[in-house]
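Asks: I'd like to ask you about the structure that follows.
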Amino acid sequence: MSKKILALAVFMAGSVLSLQSQAATSNGVLVNANIFMYNNSTETTPGGESKSNSSIYDIKLGYISGNGLYLGGLYTLRKVETDSGSVDGNALGASIGYVGASGFYVKGHYLLSAEYDTLKEGTGIQADFGYMTNVTSSFFVGVELTYRSIEYKKNEASPGMDSLKISETFPMLTVGFIF
């Protein structure tokens, strides 16, 4: 599995460096998916082995105007699997940004609602800075650096909690289509 992910990352990085971008030369609908995966395995002697797999998937849909203005939405999913079980989460938000003709882009998202395991009533922000390049006239690949900060107001497992804020920065691979 990790060899397949590495091969995909090398292919995408090579595509980003070798192809000229035409991502925002005209207006259209942009549909893309981003993925982040982190897998960890720890061995203790004596003791045993423990594993942890984390994945984040962003699905974005928006419109790029002729001048590069991006307006759209974001739906994100998160899953963390450990030896003791798994935890899921999701968030939904509205987006604004700019996609340049060279392929570089910046997007800001306001996360209107978020949940993660027993954490509920979350809101926050996400900022994306990345680069995408066309593989064909409508299909593109790219890379992105994402900053996300979500504050949860309710914890079903700890009713006395006032709030919990989680902030993180991580890289993502991007694939998508422009229509």
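The values are calculated or read from the model by the stated rules, or taken from the named source; none is laboratory data. Model, not experiment: these values are computed from the prediction. We place every Cβ from the backbone using ideal geometry, glycine too, and count neighbours over all the protein chains shown. Accessible surface areas use protein heavy atoms only, side chains included; no ligands, DNA or RNA. Shrake-Rupley method; radii C 1.70, N 1.55, O 1.52, S 1.80 Å.
Asks: Could you tell me whether Asp128 is touching a residue at least 24 places away in the same chain (Cβ under 8 Å), assigned to a strand (DSSP E or B) and surrounded by 14 or more Cβ atoms within 10 Å (Cβ to Cβ)? Outline the logic, then answer.
Replies: Values: touching a residue at least 24 places away in the same chain (Cβ under 8 Å): yes; assigned to a strand (DSSP E or B): yes; surrounded by 14 or more Cβ atoms within 10 Å (Cβ to Cβ): yes.
Yes.
Asks: Give the number of residues within region 93-106 that are without any contact (Cβ under 8 Å) to a residue 40 or more places away in the chain and either over 23 Å from Gly68 (Cα atoms) or open to solvent by less than 40 Å² (accessible area, probe 1.4 Å) (or both).
Replies: Count: 3.
Asks: What do you reckon, is Ala114 within 15 Å of Lys154 (Cβ to Cβ), modelled with pLDDT of 95 or more and surrounded by 14 or more Cβ atoms within 10 Å (Cβ to Cβ)?
Replies: yes
Asks: Keeping to region 73-86, report how many residues are on the phi < 0 side of the Ramachandran plot and either of a type in the set (Asp, Glu) or open to solvent by less than 40 Å² (accessible area, probe 1.4 Å) (or both).
Replies: Final tally of qualifying residues: 6.
Asks: Right, something else. Looking for whichever is farther than 19 Å from Val87 by Cα and of a type in the set (D, E, K, R) here; the options are Glu121, Glu156, Glu168, Glu144. Which one fits?
Replies: Glu144
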